Amino acid sequence: MKVLVFSNGAVREADAVDPRWLAPDAAEVIWVDIEHPGEADKRVLTETFHFHELAIEDALAESHHPKVEPYDGVLYLILHGIVARASDKSVETHDIDFFIGRNFLVTVHHYMSRSIAEEYAVTLRHGARLGDGPVSLLHHIVDRMVDHYAPEVDGLEDRLELLEHQVFSTSRANPLKKILELKGDIASLRRVTLPQRDVVSRLARREFPQISDALSYRFRDVHDHLVRLADEAIFLQDRVTGLLDAHVSTQSHRLNQVMKVLTVIATIFMPLTVLTSMYGMNVPLPAFPGGQAAQFWWILGIMATSSGGMLWAFRRMDWL
């Protein structure tokens with residue numbers, strides 16, 4: 001747990017939360033950031049801040065969809081930050097829980113958040129950011145979270161373009177696994193950006209008394225960015241769905257081509273098999289002219305003529 005306190009025009013770090021800072025007439029503004037919450041952190045949320053038990057339960061759970069709920073003077077907010085995995089270039093999102101009160105902001109998250117880390121460093125250097133109030137600090141954090149989506153979405157688009165090239169080229173590589181992985185990443189992005197857009201929209205519309213007119217305008221700008229991200233997620237999902245359909249159609253076409261060639265080969269060999277089976281029997285059969293030495297050439301000629309005739313007929317019927 002990290003604690004920042006703004007008091008007397010300066011910001012400083014503290015080891016713990018002083019209950020006096022939460023008094024109705026307290027002049028301090030505090031930011032408490034909790035990463036990987038445990039039992040001690042749960043006691044801080046329960047006994048020091050006295051948050052609602054349902055909100056604490058949600059905050060201690062690892063995954064929830066974005067939402068915003070008012071609780072007796074405290075605004076509870078869940079948003080998701082995006083995380084890129086460098087190993088396989090895939091993305092995932094992790095939720096960050098926000099508790100906003102009159103003079104405090106509490107953030108809870110189960111994973112390292114680069115948005116939180118960056119804003120904490122900036123706030124530590126420039127105390128005025130915390131002095132502007134908890135809602136203003138919330139806006140800075142949310143704005144960073146949304147800004148971090150853009151390069152990851154661009155990365156998803158680059159992966160999609162590469163897969164499109166593989167599918168529509170003559171490459172024999174099978175990108176089905178990569179397509180399905182990308183489809184899952186884009187679906188996760190869409191599941192988060194759509195409700196997150198709606199949550200920030202409620203902040204921009206000033207549905208809650210904690211949001212002033214000036215800050216509502218800032219949240220409108222963040223909302224506009226989320227609208228574009230949501231539209232991009234929908235567009236990417238449509239593209240990857242179309243790509244998957246195209247890949248399946250391409251594979252089906254290739255399979256049909258292979259089956260057609262195998263069928264032609266089997267059809268050509270059927271009369272040849274019948275002919276060789278008949279003349280392989282140990283029974284007297286009618287002989288062709290030319291004596292014993294000419295029988296092999298007669299049979300070979302019949303086989304060649306039969307094969308050539310069927311190939312010519314297949315070509316005439318556009319089967320080949």
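A short reminder: the numbers here are calculations on the coordinates, not readings from a lab. This one's a predicted model, so the numbers in the text were calculated from it and none came from an experiment. Reconstructed Cβ throughout: ideal geometry from the backbone, glycine too, with neighbour counts over all protein chains shown.
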*So what are the radius of gyration and Dmax for the Cα set of segment 1-147, in Å?*
14.8, 51
*Using the scaling law 2.2 N^0.38 Å as the reference, what is the normalised Cα Rg of segment 2-251?*
1.15
*Mind checking which aspartates and glutamates have their C-alpha under 20 Å from Lys260, skipping anything on the same chain fewer than 8 residues away?*
Asp318
_Neighbour-limited loop hits for trypsin sites (Lys or Arg not before Pro), segment 240-316 (at most 12 other Cβ within 10 Å; DSSP other than H, G, I, E, B)_ = none
*Which whole-number value in Å³ per residue fits the convex hull of the alpha carbons of segment 213-276?*
41
*Compute log10 of I(q)/I(0) for segment 174-225 with the Debye formula, placing one identical point scatterer on every Cα and leaving out solvent, at q = 0.26 Å⁻¹, to two decimals.*
-0.89
*What are the lysines whose alpha-carbon lies under 22 Å from the alpha-carbon of Lys67, with same-chain residues fewer than 8 places away excluded?*
Lys42
*Once you sort the root eigenvalues of the Cα gyration tensor of segment 156-283 as a ≥ b ≥ c, which label holds: rounded (a/c under 1.5), prolate (a/b larger than b/c) or oblate (the other case)?*
prolate
_Rg to Rh quotient for segment 279-320, alpha carbon positions, Kirkwood Rh_ = 1.18
_Spatially proximal aspartates and glutamates relative to Lys183 (Cα-Cα < 18 Å; intrachain offsets below 8 disregarded)_ = Asp88, Glu92, Glu152, Asp154, Glu157, Asp158, Glu161, Glu164, Asp231, Glu232, Asp238, Asp245
_Formal net charge of residues neighbouring His65 (Cβ-Cβ distance under 10 Å; K, R +1; D, E -1)_ = +1
